[in-house]
Amino acid sequence: MFTYTVRRLLLAIPTLLIISLIIFLLLDLAPGDPTAQLPLTIPPEVKEKIRQSLGLGEPIHVRYFLWLKQFLVAEPLHVFDNLFGTHFADGMQRVISWQTRSPVADIVAQRLPQTLWVVGMSYVVGVLIALPIGIISAYKQYSWFDQIGTFISMLGFSVPTFFTGVLLIVIFAVNLGWFPSIYDTTHVVDSWDAFVFQVRQMIMPVMVLALYNAAQISRFMRASMLDNLGQDYVRTARAKGMSEKVVVLIHVLRNSMIPVITVIALGVPQIFGGAIITEQVFKVNGLGQLLITAIYANDIPMVQTLTFIFAVLIVLFNLIADILYGILDPRIRYD
Amino acid sequence: MPNKGVPVLDVKDLKTVFHTRSGEVHAVNSVSFYLRPGELLGVVGESGSGKSVTMMSLIGLLPSPPAEVRGGRVLFDGEDLLNVREERLRELRGARIGFVFQDPMTSLNPVFTVGYQIMEPLRKHMGMDKRQARVRAAELLALVGIPDADKRLSDYPHQFSGGMRQRVMIAIALACDPEVLIADEPTTALDVTIQAQILELMKDLRDKLGMAVIWITHDLGVIAGIADRVMVMYGGQVVEQAPVKELFGNPQHPYTRALLETIPSVTGERTERLHVIEGQPPILAAAPSACTFRARCVYASDRCACENPPRLTVGPAHDAACFWDPATGQPRNTEPTHTGAPNAG
Ligand SMILES: Nc1ncnc2c1ncn2[C@@H]1O[C@H](COP(=O)(O)OP(=O)(O)OP(=O)(O)O)[C@@H](O)[C@H]1O
Ligand SMILES: [Mg+2]
């Protein structure tokens, strides 16, 4: 298992390099000019100067390697310096956002908590709702519980989040006035009341996303449970006199969780990707929103960095999913 | 051969029905039989004759729905298993009635160690703690002939071969010293040499531990070698029942006779072709009101089409559900037998 992990990690390096090249080239070749938004009164020579100062005059391979160096060396060193108060990264050029002229990493670090709180929480809530629903739906297949569960999952899966989001705002924020309609990112939790407010403003976006996540995962859980409930080993467990609780929650569940855990792990990178639409609807300025505004503004370094971070996370969680699979299923041995 | 005493298991008029989309399927129709302590009862019959469903009905192992045990009485040690709470059945299953199923490759849970799976019933029924259960589990594995038992407890099922897994299944079934072991085609999925080993093992274990065994199989050869008494099933009914020698020497029911003819002979004249029983076994949408075998029976008469033959006594401890008498070639006229245990109650 260990050598397998190491081998996979090593293999991830060329994969990520290729991905980074593709991301870089795609964005670089895409039409769009960071100076296009500047007023027309600015003379062309000045515009050219601005472009030069952004590093756009260099040939493409020089810019690629510069970006790689900034991303892979300068940025991690800065993070290290910040954490331990060292000075390794002094004088190193960082990846700078064209919009704000401040380092991309700093902006990402500012936005990350919002996304993790709202989107991450919704994922956790979604999983926590989905698992029991999937288990019960499968165990009581075709019961009214299962039918309602199927119906709600279909809704959650097929109704887009911008619709459920706005619907919730209209009902609970506008008509009932229970929750604020806009997420206040500047809110600081420093007292019990502030905490209650934080919870209240999180409820709607979290619920919208949780419904969507739960719909998917509960279906997976149900299908996986059904697969296993019909297996011979279940009959053996019953023939041993095990209680239904043990049969379902130990024998069947343990087997059913194997594919589901993998699906859950593979879904984690999406959290960091942010839920672009939901973040827009509730005005949560998380990573999803950051990406959208960066794309509108032609802020190529920002877009490159964010996309590459997502790529790294996807590769990483694929590996984690594989390793979890090996841990959960004794029949799989990677060595 | 031990054949005295009050039966441990006495089944009367057991009826099981499946509710399917296309209507009811009557899988078990008024089945009655008994099992004496220490006895090995062989159950034969072609696929779909209701052997498994009968045995699963006894102890509530059928999923319901679709299955419904519609009537009858299953006396186990004086208790009617069809009338006890689910909780009570669970106390008996795995403790006093053990099961071995057909396919050892899928009957063990792939994600738990073999040790864990043997220890489960020990801890539940015998109240053992982890350490005691582990010691006993190792003993059991050694008992069923798995070398290096202590180490193999922490192996997973996929690390065992098919025959080894069936030994593990037997170890699980025997864990709590059951009075009755129900083995549902325990060797069908195994190759011939392994089959022979498992048979030897079972004979051995029965002599050592003295439990009563119900052995379901398609293989009459196996039955001849291992059973004390045989019960032949067809269409969800018992069509003939006799001590093993009697059944093989003096088969009465046309179905039994046909079954025996299907065994290819190694020593005698070589026949042109293997014998087959022409036709299909019935799927019953209602409880039978006529002989279920008549369509495939060369001796069928008008009476067989309007009356379901009851089990008639045809010899000592021998009964058959047929109007035709092979000795005379004529219909017989006897009273229905008392199909329960001869000395029960
Ligand atoms: N889940 C079910 N739903 C409907 N009918 C069923 C179901 N299980 C069994 N049956 C019916 O019950 C009858 C008896 O099946 P059973 O499994 O007892 O046969 P068997 O004698 O054990 O056969 P085999 O030798 O193949 O194991 C069959 O005709 C089958 O159609
Ligand atoms: Mg069967």
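The values are calculated or read from the model by the stated rules, or taken from the named source; none is laboratory data. Everything numeric in this text was worked out from a predicted model, so none of it was measured. Here the Cβ positions follow ideal geometry from the backbone for every residue, glycine too, while neighbour counts run over all protein chains shown. When the accessible area is computed, the model is the full protein with side chains, heavy atoms only, and any ligands, DNA or RNA have been set aside. Shrake-Rupley method; radii C 1.70, N 1.55, O 1.52, S 1.80 Å.
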**Asked** Once phi is turned into θ = phi - 60°, what whole-Hz ³J(HN,Hα) does the Karplus curve with 6.51, -1.76 and 1.60 give for every residue of region A:97-105, x standing for Gly and Pro?
**Response** 6, 6, 6, 9, 6, 10, x, 4, 4
**Message:** If you fit an axis through the alpha-carbon atoms of helix A:44-53 and take the longest principal axis of the Cα set of chain A, what angle between them do you get, 0 to 90°, nearest 10?
**Reply:** 60
**Prompt:** Relative contact order, percent, of region B:1-67 when contacts are C-alpha pairs under 8 Å separated by at least 6 residues?
**Reply:** 35
**Prompt:** Along the charge dipole of region B:9-234, Cβ charges K/R +1 and D/E -1, which of B:Gln132, B:Pro37, B:Gln117 sits furthest on the positive end?
**Reply:** B:Gln132
**Item:** Nonlocal amide H pairs with B:Arg70, under 5 Å, H built at 1.01 Å
**Value:** B:Lys15, B:Thr16, B:Val17
**Message:** Sort B:231-237, A:229-235 by packing, meaning the average of other beta carbons within 10 Å per residue, with the highest value first.
**Reply:** B:231-237, A:229-235
**Asked** With a sphere of radius 11 Å drawn around the Cβ of A:Lys140, what net charge do the other residues whose Cβ falls strictly inside it have (Lys, Arg +1; Asp, Glu -1)?
**Response** 0
**Complete:** When chain A is treated as a Gaussian network with springs between alpha carbons less than 10 Å apart, the largest mean-square fluctuation among A:Ile277, A:Ile171, A:Ile107 is found at A:Ile171
**Complete:** For B:Leu9, the residues 5 or more places away or on another chain with a placed amide H closer than 5 Å to its own amide H are B:Leu35
**Message:** Above 49 Å lies some portion of the pair distances; for the protein assembly as shown, what is it as a whole percent of all C-alpha pairs?
**Reply:** 39
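How big is the charge dipole of region A:108-284 about its Cα centre, in debye rounded to the nearest 20, if each Lys and Arg gets +1 on its Cβ and each Asp and Glu gets -1 on its Cβ?
Values: 11 positive and 8 negative charges, 109 e Å.
The calculation lands at about 520 debye.
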**Fill in**
Any residue on another chain or 5+ positions along whose placed amide H is under 5 Å from the amide H of B:Leu40 is listed here as B:Val213, B:Asp228, B:Arg229
**Item:** Bins of 5 Å from zero: percent of alpha-carbon pairs in region A:108-284
**Value:** 1, 8, 15, 17, 16, 13, 10, 8, 6, 3, 2, 0
**Message:** Per-residue Cβ counts within 10 Å, from other chains only, averaged over A:226-239: what number is that?
**Reply:** 6
**Complete:** Once normalised by the length of region A:108-284, the mean sequence separation of its alpha carbon contacts under 8 Å that are 6 or more apart gives a contact order in percent of 39
**Request:** Could you work out how far helix A:192-229 tilts from the main Cα principal axis of chain A, as a 0 to 90 degree angle to the nearest 10?
**Result:** 60
**Prompt:** What ³J(HN,Hα) values, in whole Hz, does the Karplus curve 6.51 cos²θ - 1.76 cosθ + 1.60 give for region A:293-310 when θ = phi - 60°, with x put for Gly and Pro?
**Reply:** 5, 5, 5, 4, 8, 6, 7, 4, x, 5, 4, 4, 5, 4, 4, 5, 4, 4
**Item:** Most mobile of B:Cys297, B:Cys322, B:Cys306 in a GNM of chain B (Cα contacts under 10 Å)
**Value:** B:Cys306
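Taking only DSSP H segments of four or more residues, each worth -39500 (n - 2.57), what value at 222 nm results for the protein assembly as shown once the sum is divided by all its residues, to the nearest 500 deg cm²/dmol? Let's see the in-between values first.
On the way: 26 runs with 331 residues, N = 680.
My calculation for the protein assembly as shown gives -15500 deg cm²/dmol from helical runs alone.
Accessible area, 1.4 Å probe, largest first: how do A:Val199, B:Val25 sort?
Details: A:Val199 60, B:Val25 40 Å².
Descending accessible area places them as A:Val199, B:Val25.
Pairs of Cα atoms under 8 Å, at least six residues apart: use those to get the relative contact order of region B:9-234, whole percent. Mind showing how you got there, number by number?
Numbers: 415 pairs, mean separation 66.2, N = 226.
Once normalised by length, the contact order is 29 percent.
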**Fill in**
Expected integer from the mean partner chain Cβ neighbour count at 10 Å over B:103-111 is 6
**Fill in**
Toy charge model, Lys and Arg Cβ at +1, Asp and Glu Cβ at -1: region A:216-300 dipole around Cα centroid in debye, rounded to 20, equals 480
**Asked** How much of the accessible area of region A:108-284, probe 1.4 Å, is carbon plus sulfur, in whole percent?
**Response** 72
**Request:** Rank B:Phe76, B:Ala27, B:Pro63 by how far each Cα sits towards the positive end of the charge dipole of region B:27-87 (+1 on Lys, Arg Cβ; -1 on Asp, Glu Cβ) and give me just the farthest.
**Result:** B:Ala27
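With +1 on each Lys and Arg Cβ and -1 on each Asp and Glu Cβ, and nothing else charged, work out how big the dipole of chain A is about its Cα centre, in Debye to the nearest 20.
On the way: 22 positive and 21 negative charges, 198 e Å.
With only Lys, Arg, Asp and Glu charged at Cβ, the dipole is about 940 debye.
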**Item:** Over region B:9-234, volume per residue of the alpha carbon convex hull, in Å³
**Value:** 126
**Fill in**
Burial-style ranking of A:202-209, B:69-76, A:54-61, average other-beta-carbon count within 10 Å with highest first, yields A:202-209, B:69-76, A:54-61
**Prompt:** By a straight-distance test (C-alpha under 12 Å), which aspartates and glutamates pair with A:Lys47 as possible cross-link partners, with residues fewer than eight away in the same chain excluded?
**Reply:** A:Asp33
**Asked** In the Gaussian network model of chain A, springs joining C-alpha atoms below 10 Å, which of A:Ala30, A:Ala239, A:Ala138 carries the largest mean-square fluctuation?
**Response** A:Ala239
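All other residues with a Cβ under 13 Å from the Cβ of B:Leu122 taken together, and with Lys, Arg as +1 and Asp, Glu as -1, what is their net charge?
Within the 13 Å Cβ shell, the charges total +3.
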**Per residue, in Å², the accessible surface of the protein assembly as shown once ligands and nucleic acids are set aside, probe 1.4 Å** = 49
**Request:** May I ask for the angle, rounded to the nearest 10°, between helix A:2-29 and the longest principal axis of chain A, with both axes built from Cα atoms and the value confined to 0 to 90°?
**Result:** 50
**Prompt:** Residue by residue, what Karplus-based ³J(HN,Hα) values in Hz, rounded to whole numbers, does region B:235-245 have, using 6.51, -1.76 and 1.60 with θ = phi - 60° and x for Gly and Pro?
**Reply:** x, x, 10, 7, 9, 7, 8, 6, x, 4, 5
**Request:** Using the charge dipole of the protein assembly as shown (Lys, Arg: +1 at Cβ; Asp, Glu: -1 at Cβ; taken about the Cα centre), state which of B:Gln330, B:Tyr255, B:Pro288 has its Cα farthest towards the positive end.
**Result:** B:Pro288
**Item:** Accessible surface of region B:9-234 [probe 1.4 Å, protein heavy atoms]: carbon and sulfur percent
**Value:** 50
**B versus A: buried accessible surface, summed, Å² (probe 1.4 Å, to nearest 100)** = 2100
**Prompt:** Which entries of A:Lys140/A:Lys245; A:Lys240/B:Lys124; A:Lys245/B:Lys124; A:Lys140/B:Lys124; A:Lys140/B:Lys15; B:Lys130/B:Lys151 show an alpha-carbon separation above 21 angstrom in the structure shown?
**Reply:** A:Lys140/B:Lys124; A:Lys140/B:Lys15
